[in-house]
Amino acid sequence: MRVTFVLFLFIVFILMSCATTRAYENVLGEWRGHTKEELVSKWGNPSRVEILNDNGKNYVYEKENSKTKFIRDPSSKQTVPFFDCVTSFLIDRDGLVAGWKYDGPNCRK
């Protein structure tokens, strides 16, 4: 009986996680075709801007937890901040949002 209950909770957790991810992806997808100025007016200034070879740019937004966490980067052996969510918007050479990507355990709508 107890194993069934734990399995039930696990399945509910997985389904809620997928629904949250899908909702975030829907929000990001709505930005396609908008100008970089519209993006910045709603999201604020990005944490950093990466220049791409094809004259495009990545506008990167990094969201930290209220309790700053740090991890050790194995390649540089330095302590670096751990972000709960990193969202990047691909800005094409015309200044329009052409795509997006995100990574992190707390990317939510």
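Looking across region 41-60, the residues that are in contact with a Lys or Arg (Cβ under 8 Å, 6 or more places away or on another chain), surrounded by 11 or more Cβ atoms within 10 Å (Cβ to Cβ) and among the aliphatic types (A, V, I, L, M) come down to V49, V60. Considering (1) modelled with pLDDT of 75 or more; (2) surrounded by 10 or more Cβ atoms within 10 Å (Cβ to Cβ), the lone condition that L7 does not fulfil carries the number (1).
Condition check ((1) within 18 Å of Y24 (Cα to Cα); (2) at pLDDT 95 or above; (3) of a type in the set (D, E, K, R)) across all residues:
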{"position": "D54", "(1), (2), (3)": "no, no, yes"}
{"position": "Y59", "(1), (2), (3)": "yes, yes, no"}
{"position": "F70", "(1), (2), (3)": "no, no, no"}
{"position": "Q78", "(1), (2), (3)": "no, no, no"}
{"position": "F82", "(1), (2), (3)": "no, no, no"}
{"position": "A98", "(1), (2), (3)": "yes, yes, no"}
{"position": "G104", "(1), (2), (3)": "yes, no, no"}
{"position": "K109", "(1), (2), (3)": "yes, no, yes"}
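Find all pairs meeting these conditions: Cβ atoms under 6 angstrom apart; at least six residues apart or on different chains; first residue within region 89-107 and closer than 21 Å to R22 by Cβ; second residue surrounded by 15 or more Cβ atoms within 10 Å (Cβ to Cβ) and of a type in the set (S, T, Y). Pairs that qualify, where the first residue is closer than 21 Å to R22 by Cβ and the partner is surrounded by 15 or more Cβ atoms within 10 Å (Cβ to Cβ) and of a type in the set (S, T, Y), are F89/Y59; K101/S88; Y102/T87; C107/Y24. Here are the criteria: (1) modelled with pLDDT of 95 or more; (2) out of contact with any Asp or Glu (no Cβ under 9 Å at 6 or more places or on another chain); (3) within 17 Å of C85 (Cβ to Cβ). Tell me which single one W31 does not satisfy. Going through (1) modelled with pLDDT of 95 or more; (2) out of contact with any Asp or Glu (no Cβ under 9 Å at 6 or more places or on another chain); (3) within 17 Å of C85 (Cβ to Cβ) one by one, W31 breaks only (2).
Restricting attention to region 25-40, the residues being surrounded by 13 or more Cβ atoms within 10 Å (Cβ to Cβ), assigned to a helix (DSSP H, G or I) and either of a type in the set (D, E, K, R) or in contact with a helix residue (DSSP H, G or I) (Cβ under 7 Å, 6 or more places away or on another chain) (or both) number 3.
The values are calculated or read from the model by the stated rules, or taken from the named source; none is laboratory data. Remember, it's a predicted structure, so these values are computed and weren't measured experimentally. Counting neighbours? That spans all protein chains shown, and the Cβs are built from the backbone with ideal geometry, glycine included.
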